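Step one of this worksheet: look at the structure below.
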Amino acid sequence: MIELNDVTLTFPDGERTVTAVDHASLTVPPGSITAIIGASGSGKSSLLAVASALIQPDSGAVHVAGVDLMGLSPAEATAVRREHIGIVFQQSNLLPALTALDQLAVMNELDGHSRAARAETRERARALLARVGLAGHENKRPHQLSGGQRQRVNIARALMNDPRVLIVDEPTSALDHARGQEIITLILELTRDRGTSTLLVTHDRSHLARMDQVLVMSDGVLTAHDPHAAIAA
Amino acid sequence: MFVAWREIRFARGRFVLIGSVVALITILVGFLTGLTAGLAGQNVSAVMGLGADRIVFSAPAHGESDPSFGDSSITPEQASTWSDAAGVNTAEPLGISQTRLSAGERRSPAALFGVSSAGTHTLLPEGVPGPHSGEIVLGTSVAKTLGVSTGATVGAFGLDLRVSAVIDDAWYAHSSVAWLTLPDWQEAMARGGQPAWATVLAVSLTDAAQPDAIDAAAHTASRAPLPALLSIESFRSEIGSLLLIVGMLFGISALVIGAFFTVWTIQRAPDIAVLKALGARTGRLVRDTLGQALVVLLAGVGVGMLATIGLGLLAGSAVPFVLSPATIALPALGLIILGLIGGAFALRPVLRSDPLAALGAPR
Ligand SMILES: Nc1ncnc2c1ncn2[C@@H]1O[C@H](COP(=O)(O)OP(=O)(O)OP(=O)(O)O)[C@@H](O)[C@H]1O
Ligand SMILES: [Mg+2]
């Protein structure tokens, strides 16, 4: 579950302040997917940053996976991200030196677990890569993968620790239409299978009909939108 | 170190490049340190080896604050004032002069050390029997230059002396030391037209001794052995510039290595931001990043140290070069610490940076 209530986030901008998120509220129930659309600079990524515990808003209430995010220390926020939140970045933010399998294993490996735990991590990573359609690509590095394959690795990485919340920022922006549709289908399936609360930013309105809820962001203000009227808008 | 090792393997070229720079700097610093120690040793090793608690000079002339070996001259009265004073175990007169020894057609510079009595005494290197009247103990380099060995005769100021032993070189002001009895030294000085009784006293003291009071009574100036080294004129003039060069090299190395690892760490910044956004603990990221720097530093410094030792062994006979743990390991350790400081310096802003950057938000 993601619950944002009356959230406002400002950034200092020289003399003045920019209001990136303006009294926004939203709820994403488990097993459902909410899409956010809006013009560039309207505050979509800022809203995702709030929901993924990357930044604290100026005011409002934020509950993610049952945790109250307001007033957490940086270390506590880091722990919430590690344990409850899966994040898929806008660009392919994979580490150039790591193979696909290592991209998924890296978080657990950094913690330096026991042999048995490491074997289990690798097994889970292998299964997740297979789940996103990358069986046989485990040992390829990012530069050896296509854009769509990299985005699949990103999605698999976000799911490694079985998060209850999935945050996805423009996952199809670097892909052609067909590849984009495949990625959206995959995210939808994973949301249903795993019961995650999924919050997705997209600029491609052709996906909207498949969403459970669509919100429009405009200058930081969030308004509801009828998914099925999307194409006309 | 999970990411660190994989990055090193992935970016092997970059790793080798930085490692080589570290190795070259290690060679440079190690070599210069060894050379400095070697040159210093050639100036002072004999004085260091005297085993005295204090070296007693005649009081410097008015207007000069520091005594010097070159100007010092001790009288028998001063010597007995010291040996009779409370808390003084022994006060051995030592005559020092620089000269040329001859054997047939051959000549060799040497530092003559005249020591008071034959038999056992503390001023010679351990286990070396002191010279009897008419005898001289040579260092190997002088013996080699003169082409003589034990039993041969060498001349000093027209005095013929029999070589009683050839021992490892002890050095004073870049000359190998030759030991003879104090009366023979006095005779040599007299023949050379510079009569003297002794140059300094090497004294051993108990805790009860009050060297300042004795100095006042005897009109002498005594110094602990280390400060006394500055009274060797050639050492005083050399050591300052050598230490300046070593210090500057260290400063430059610090900047180069620090800058290298700052850059090395900064190029990891985007990856660190991603890992942080995914929820990696800060401590793990620090360990991974500094661990990686340490691997590069250890490899580079290790290779550099081996090369320095190799070069040192080659150069050892041609130039004064000291290979010792102090001249090899200390500079190496210094470089490793400097590199880590450089890495840590770069890591601070990286760790404080906003993981938001990883989301591709416009900033
Ligand atoms: N770290 C920051 N510091 C200052 N201002 C910021 C920061 N991040 C975002 N902003 C500002 O907040 C506003 C919203 O930015 P945001 O990234 O949320 O937009 P967006 O809707 O994601 O745009 P896009 O579709 O181009 O990704 C913009 O005016 C931006 O300049
Ligand atoms: Mg954005």
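The values are calculated or read from the model by the stated rules, or taken from the named source; none is laboratory data. From a predicted model like this one, the values you see are computed outputs, not experimental measurements. Virtual Cβ from ideal backbone geometry, glycine too; neighbours counted across all protein chains shown. Note: areas computed on protein heavy atoms with side chains; ligands, DNA, RNA excluded. Shrake-Rupley method; radii C 1.70, N 1.55, O 1.52, S 1.80 Å.
By the Stokes-Einstein formula, at 1.567 mPa s and 4 °C, the protein assembly as shown with its Kirkwood radius over alpha-carbon pairs has D equal to 43 µm²/s. Applying the Karplus relation 6.51 cos²θ - 1.76 cosθ + 1.60 with θ = phi - 60° to segment B:65-81 yields 3J(HN,Hα) values of 8, 10, x, 9, 4, x, 9, 6, 8, 9, 9, x, 5, 4, 4, 6, 4 Hz, where x marks Gly and Pro. Computed in the context of the full set of protein chains, the accessible area of chain A at 1.4 Å probe radius has 50% of its extent on carbon or sulfur. Taking Lys and Arg as +1 and Asp and Glu as -1, the other residues whose beta-carbon sits under 12 Å from that of B:PHE113 total -2. With a 1.4 Å probe rolled over the protein heavy atoms of all chains, the accessible area of B:VAL21, B:VAL296 falls in the order B:VAL21, B:VAL296, largest first. For the chain pair B and A, the interface hides roughly 2600 square angstrom of accessible area in total, found with a 1.4 Å probe. Dividing the summed -39500 (n - 2.57) terms of all DSSP H runs of n ≥ 4 by the residue count of chain B sets its mean residue ellipticity at 222 nm at -17500 deg cm²/dmol. Along segment B:85-92 the Karplus relation, 6.51 cos²θ - 1.76 cosθ + 1.60 evaluated at θ = phi - 60°, assigns HN-Hα couplings of 6, 5, x, 9, 6, 9, 9, 8 Hz to successive residues, with x for each Gly and Pro. For segment B:1-33, a decrease in accessible area of 20 Å² or greater in the assembled protein chains relative to the isolated chain, with a 1.4 Å probe, applies to B:PHE2, B:VAL3, B:ARG6, B:PHE10.
First measure r as the distance between the Cβ atoms of A:LEU72 and B:LEU243, then evaluate 1/(1 + (r/R0)^6) with R0 = 51 Å and state the FRET efficiency to the nearest 0.05.
For R0 = 51 Å, the calculated efficiency reads 0.40.
Ligands, DNA and RNA left out, the 1.4 Å accessible surface of chain B is 63% carbon and sulfur atoms. If you run the Gaussian network model on chain B, springs between alpha carbon atoms under 10 Å, then out of B:PHE261, B:PHE15, B:PHE31 the most flexible one is B:PHE15. Using the 1.4 Å probe convention, the accessible area of segment B:128-176 works out to 41 Å² per residue with neighbouring protein chains retained. Packing here is the average count of other Cβ atoms within 10 Å per residue, and on that basis the peptides B:303-309, B:273-279, highest first, run B:273-279, B:303-309.
First measure r as the distance between the Cβ atoms of B:VAL128 and A:HIS113, then evaluate 1/(1 + (r/R0)^6) with R0 = 56 Å and state the FRET efficiency to the nearest 0.05. Efficiency, rounded to the nearest 0.05: 0.30.
Within the listed set A:ALA127, A:ALA100, A:ALA116, the Gaussian network model of chain A (springs between alpha-carbon atoms below 10 Å) gives the highest mean-square fluctuation for A:ALA116.
Comparing mean-square fluctuations of B:MET48, B:MET189, B:MET248 from a GNM of chain B with C-alpha springs under 10 Å, the top value falls on B:MET248. Across chain A, the convex hull enclosing all Cα atoms gives 132 Å³ per residue. Segment B:3-47 and segment A:84-149 have Cα centres lying 38 Å from one another. Phi-derived couplings, Karplus 6.51 cos²θ - 1.76 cosθ + 1.60 at θ = phi - 60°, listed residue by residue for segment A:201-212: 9, 9, 10, 9, 5, 5, 7, 5, 4, 8, 8, 7 Hz, with x used for Gly and Pro.
How many percent of all Cα-Cα pairs in segment B:54-223 sit more than 23 Å apart? Display every interim value, and only then the final one.
On the way: 5710 of 14365 pairs.
The answer is 40 percent, as a whole percent.
Heavy-atom accessible area per residue, segment B:1-106, 1.4 Å probe: how many Å²?
On the way: 4900 Å² over 106 residues.
About 46 Å² of surface per residue is accessible.
Taking a point 7 Å from the Cα of B:VAL16 along the Cα-to-Cβ direction, the residues of segment B:291-311 with backbone N closer than 15 Å to it are B:300. Each peptide in B:41-47, A:213-219 was scored by the mean count of other Cβ atoms within 10 Å over its residues; highest first, the order is B:41-47, A:213-219.
Of the three principal axes defined by the Cα atoms of chain B, the extents in descending order read 91, 49, 34 Å.
When DSSP assigns beta bridges and you keep just the ones with both residues in chain B, what percent turn out antiparallel, to the nearest 5? Around 75 percent antiparallel, to the nearest 5. Between the helical axis of A:74-84 and the longest alpha-carbon principal axis of chain A there is an angle of about 70 degrees. Packing here is the average count of other Cβ atoms within 10 Å per residue, and on that basis the peptides A:103-112, B:328-337, A:166-175, highest first, run A:166-175, A:103-112, B:328-337. Entry comment: accessible area of segment A:1-149 is 42 Å² per residue, from protein heavy atoms only and a probe of 1.4 Å. Taking amide H as placed 1.01 Å from N in the peptide plane, the amide H of B:ILE96 sits under 5 Å from that of B:GLY114, B:THR199, B:VAL200, each at least 5 places away or on another chain. Considering helices alone, the calculated mean residue ellipticity of chain A at 222 nm is -10500 deg cm²/dmol, with DSSP H runs of length four and up weighted by -39500 (n - 2.57) and normalised per residue. Contact residues in segment B:250-281 (at least 10 Å² less accessible area with all protein chains than alone, 1.4 Å probe): B:ASP271, B:VAL274, B:LEU275, B:LYS276, B:ALA277, B:LEU278, B:GLY279, B:ALA280, B:ARG281.
Amide H to amide H distances under 5 Å link A:THR10 with A:ALA20, A:ASP58, where only residues 5 or more positions off or on other chains count and H is placed in the peptide plane.
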